[in-house]
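Heads up: the structure comes next, in structure tokens.
The values are calculated or read from the model by the stated rules, or taken from the named source; none is laboratory data. Everything numeric in this text was worked out from a predicted model, so none of it was measured. We place every Cβ from the backbone using ideal geometry, glycine too, and count neighbours over all the protein chains shown. Side chains are part of the model used for accessible areas, which takes the heavy atoms of the whole protein and leaves out ligands, DNA and RNA. Shrake-Rupley method; radii C 1.70, N 1.55, O 1.52, S 1.80 Å.
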Amino acid sequence: MKDISIIDLNNLHKEICDCKKCLHRDLCLPTYTYIGKDNRILILGESPAKNGWRVSGRAWYEPSGKITATGKILKKLLSEIGLVLEDLSFTEAVKCTPKSPKFLKECGKNCYPFLKRQMEILRPEIIVPLGVRATELVLPKFNKFSDVVGNVHKTEFGIVIPIYHPSPISPVGYKSNVPIMQIIKDILK
């Protein structure tokens, strides 16, 4: 595990909470970065769910203490390559919860400086964006998500390997991510 500046993350957290660019911030999260025991990998979500960790304070968990549906799928995928979901670091590409998905791109552009600083502080070896919206913020422009998903991309922040969003409503959320997990496992060796 690399040393991470908690002071820098806490200062960044305050800046994120004070942001007024999107006007979608109705609740400041307890934290905007979950630091796992194994911080070689940073899981990058899209934006905080209204009833997910923005309320529970625990990445991948509902306020009731139950793991989210997406968390279950991701946990299963990671366990197949010997990784534990709760041990990995996590943040969201967009820091607020837009009132509508149509604002995600705009909010992503506004949140990018915060995300960039998080990645500079965390210095992960591998960044795993979940789905199209999270991937758009860490990779240069691409035409189709299918052109970049599952491929290894070397960036200024580390290796980026996009996966399909592991949502239970996605027909490719589990099955199509299985071979991508093997790529991640091979890189970690």
Got a sec? Charge dipole of segment 17-102, +1 on Cβ for Lys and Arg, -1 for Asp and Glu; which of W60, A49, G82 is way out at the positive end?
-> A49
Karplus-derived 3J(HN,Hα), 6.51/-1.76/1.60, for each residue of segment 142-148, Hz, glycine and proline x | 9, 6, 10, 4, 4, 6, 10
Where Lys and Arg each count +1 and Asp and Glu each count -1, what net charge lies around T68 among other residues with Cβ under 14 Å from its Cβ?
-> +3
Order by protection proxy (mean Cβ within 10 Å, highest first), peptides 107-114, 86-93 | 86-93, 107-114
Cα atoms only, segment 117-168: Rg and Dmax in Å?
-> 10.7, 32
Leaving out ligands and nucleic acids, note down the accessible area per residue over segment 77-189 with a 1.4 angstrom probe, in whole Å².
-> 47
From zero up to wherever the largest Cα-Cα distance of the chain sits, split into 10 Å bins and tell me the percent of pairs in each.
-> 9, 39, 40, 11, 0
Placed amide H near E92: partners under 5 Å, 5+ positions off or other chain | G45
Determine the equivalent ellipsoid of segment 91-189 by diagonalising the alpha-carbon gyration tensor, then write out the semi-axes as square roots of 5 times the eigenvalues, largest first, rounded to whole Å.
-> 21, 18, 12
Quick one: putting +1 on the C-beta of Lys and Arg, -1 on the C-beta of Asp and Glu, what dipole do you get for the chain around its Cα centre, in Debye to the nearest 20?
-> 440
